Amino acid sequence: MIGILRSTQGLLQRPIDARPLELTDTYSLLTTGGTILGTTNKGNPFAFPKADGTVGDCSEEIIDGYRQLGLDALIGIGGDGSLAILRKLAVQGGFNLVAIPKTIDNDLGSTERSIGFDTAVNIATEALDRLHFTAASHSRVMILEVMGRDAGHIAVSAGIAGGADIILIPEIPYSLDAVCGQIEALKARGRNFALMVVAEAVCTETGEKVTRTHALSQCRLGGVGQYLADHISAKTEAETRVTVLGHVQRGGTPSPLDRLIATAFGVAAVDLIAEGQFDPMVSWQHRRVVSVPIERAIAHYQAVDPHGTLVRTARAMGICMGDRVPERAPQAAVALP
Ligand code: F6P
């Protein structure tokens, strides 16, 4: 078993940046967040940034690096973007790939769960539990902005579990009037505070994504919480505060469920290689690990189902999902007999 350091970056380096993985490397792994091998989410090998500012295709160098290791198969661990890149490399290089879904966003198709999601939901729920007290003490509207890229899975799950009054997700168009209406309704019922969760990909009311550009020109989602806070304060005069949970959701001690799933996925991936079955992704379905074609998993994006169980549960509990009432076409008058 060889561990490749920093993913495709390790295969680009000469000598190749990889090291044997021993059983002793797994000691304490269950309680460790992140990855002991390192990773990268920048630099698509098919459009790789070069020192001169241009981009080029370095896929053949990566494939050559992989071949130098003389492996039987590669286990790729990641979300849809990483797995799509690894599959393209495997097809081009003619090597054997087995994939394990790992992303806090839980947006990969064909699996109910990916590694990291449960831990992120736990952390976001705990944050809401903590915000609850200061919201009540100071009579504030507390807004928690969570990650999830284009999907609202973390927001919905943590929002219900953490007793949010309002949950905004990119899958359900919202209106500020509906959000403010909920805050006013809570006030009228004698509640002096409100808890709100917003997924980072929720747009402004006029449909623009809110992003931040970090160093090295990396553009990431972030900031919609403050946009909402400013507009809610202006409309309701409520005192608002924003917490952007950020990368805290990706660290810390993994939850027991994530440890179980990661262990079961690892066992299943090795079994698939032993059986000579290549190009599948291990997947969690109906309390079992099954395997599905990687191609299908990455082609099918898993957004929150606006009519699914969790959204229906949230609505039934009186949680406002921000619904924008669709504008109705003018009705023709009907003459009754
Ligand atoms: O895909 C995982 C994720 O944490 C997203 O939820 C988030 O939008 C993004 O990565 C953040 O990326 P970075 O770590 O590059 O800031």
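The values are calculated or read from the model by the stated rules, or taken from the named source; none is laboratory data. Note that the structure is predicted; figures quoted are calculated from it, not measured. As a convention, Cβ positions derive from the backbone with ideal geometry for all residues, glycine included, and neighbour counts pool all protein chains shown. Areas reflect the complete protein model, heavy atoms only, side chains present, ligands, DNA and RNA absent. Shrake-Rupley method; radii C 1.70, N 1.55, O 1.52, S 1.80 Å.
How large is log10 of I(q)/I(0) for segment 254-318 at q = 0.11 Å⁻¹ when the intensity is taken from the Debye formula with one equal scatterer per alpha-carbon?
Treating every Cα as an identical point scatterer, log10 I(q)/I(0) equals -0.39.
Can you compute the FRET efficiency between Val290 and Asn96 using 1/(1 + (r/R0)^6), with r the Cβ-Cβ distance and R0 = 22 Å? Round to the nearest 0.05.
According to the calculation, E is roughly 0.70.
Could you give the length gained by full extension between Phe133 and Ala215, i.e. 0.36 nm per residue of separation minus their alpha carbon distance, to one decimal place?
Stretched fully, the Phe133-Ala215 segment lengthens by 26.0 nm.
Using only alpha carbons, build the gyration tensor for segment 3-63 and give me the equivalent ellipsoid semi-axes, biggest first, whole Å.
28, 13, 7
Extension gain Gln68-Arg14, at 0.36 nm per residue separation less the Cα-Cα distance, in nm?
18.4 nm
Tally up the carbon and sulfur contribution to the accessible surface of the chain as a whole percent, 1.4 Å probe, everything protein left in place.
Carbon plus sulfur share of accessible area: 55 percent.
Per residue, how much accessible surface does the chain expose to a 1.4 Å probe? Answer in Å², no decimals.
That works out to 52 Å² per residue.
In deg cm²/dmol, rounded to 500, what helix-only [θ] at 222 nm does the chain give when every DSSP H run of at least 4 residues adds -39500 (n - 2.57) and the total is split over its residues?
-11000 deg cm²/dmol
What's the ranking of 117-124, 168-175, 257-264, 9-16 by average number of surrounding C-beta atoms within 10 Å, highest first?
Ranked by mean Cβ neighbours within 10 Å, highest first: 117-124, 168-175, 257-264, 9-16.
How big is the gap, in Å, between the Cα center of segment 290-304 and the Cα center of segment 246-287?
14
What angle, in degrees between 0 and 90 and rounded to the nearest 10, separates the Cα long axis of helix 80-93 from the longest principal axis of the Cα atoms of the chain?
With rounding to tens, the tilt is 20 degrees.
Over 24 Å between C-alpha atoms is what I'm after, so list which of Lys42/Lys88; Lys187/Lys209; Lys50/Lys209 land there.
Too far apart for the 24 Å limit: Lys187/Lys209; Lys50/Lys209.
Can you give me the pair-distance distribution of the chain, C-alpha pairs, 20 Å bins, whole percents?
With a bin width of 20 Å, the distribution comes to 28, 50, 20, 2, 0.
Would you kindly find the accessible area of Val141, with a 1.4 Å probe and non-protein molecules such as ligands, DNA and RNA excluded, rounding to the nearest 10 Å²?
The accessible area comes out at roughly 10 Å².
When only DSSP loop residues count, what GluC sites (Glu not before Pro) in segment 11-75 have their Cβ near at most 10 other Cβ atoms within 10 Å?
Hits after loop and neighbour filter: Glu22.
Can you give me the distance in nm between label points at His300 and Ala316, each placed 7 Å from the Cα along the Cα-to-Cβ direction?
Distance between label points: 2.5 nm.
Within 10 Å of each candidate Cβ there may be at most 10 other Cβ atoms; applying that plus a DSSP loop requirement, which trypsin sites (Lys or Arg not before Pro) in segment 1-80 survive?
Qualifying residues, ordered by number: Lys42, Lys50.
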